[in-house]
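Just below is one structure, and these are the notes that go with it.
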């Protein structure tokens, strides 16, 4: 299986996710295998990071935490939606919607995750979760089984002191409690809601526990998301 080359692509010291949880997770893939994380928000739309588009995405895998068991669980991507303002990961707007070729069958193995209804205001030290199939160490290979870690929300002022952010960024910034640096495109889940998207980490490296990783704030894009979801139909 090919290793991902996205800006945030690793799950460090993560634990295996139980088969009956995080049923919204999607493995975003190209012809070589897993390249980014993603998450199902309707029966036929997956959210991921816009910078993953450079990796020639062709399909997603849903309904399994073990990518070795992806037979009959692949759904092709027929259309991609990115903000017109997206240029690169460093300038923000790192969000993308993937329209699937058919509706996913929701059930015991597949569920959608809810998005926030309004602006997200996370509390300092609030514990959230991130999951993915990214590397489990810097320089390692991607893994076949979904893994997750807990992360802790940091004070925005502390973030600005540790990381120089452009005013164009719409991000949630977290300090890692267990040396985690994200699986690009995967969701930041707080209180059962997908509030962020893994965007990037320092130098694409996992060895900076004192530096926050950066997440796209989904609540800033709710109008854009809802417009696409309500006006786009499978033909």
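For the peptides 127-133, 98-104, the ranking by mean Cβ contacts within 10 Å, running from highest to lowest, is 127-133, 98-104.
Taking each residue as 0.36 nm, the span from residue 105 to residue 32 lengthens on full extension beyond its C-alpha to C-alpha distance by 23.8 nm. The modelled label-to-label distance between residue 114 and residue 66, using points 7 Å beyond Cα along the C-beta direction, is 3.2 nm. By the beta-carbon count within 10 Å of each Cβ, the least crowded to most crowded order of 42, 48, fewest first, is 42, 48.
Listed from fewest to most Cβ neighbours within 10 Å, the set 40, 229, 115 follows the order 229, 115, 40. Segment 184-199 and segment 112-134 have Cα centres lying 5 Å from one another. Between residue 233 and residue 42, the contour length at 0.36 nm per residue exceeds the alpha carbon distance by 67.6 nm.
Fully extending the segment from residue 88 to residue 121 would add 9.3 nm, taking 0.36 nm per residue of separation and subtracting the current Cα-Cα distance. Taking other C-beta atoms within 10 Å as the exposure proxy, 215, 24 rank 24, 215 from fewest upward.
Read-outs: derived from the displayed coordinates by stated rules, not from any lab. Quantities reported herein were computed from a predicted structural model and do not represent experimental measurements. Here Cβ is always computed from backbone atoms with ideal geometry, including for glycine, and neighbour counts include all displayed protein chains.
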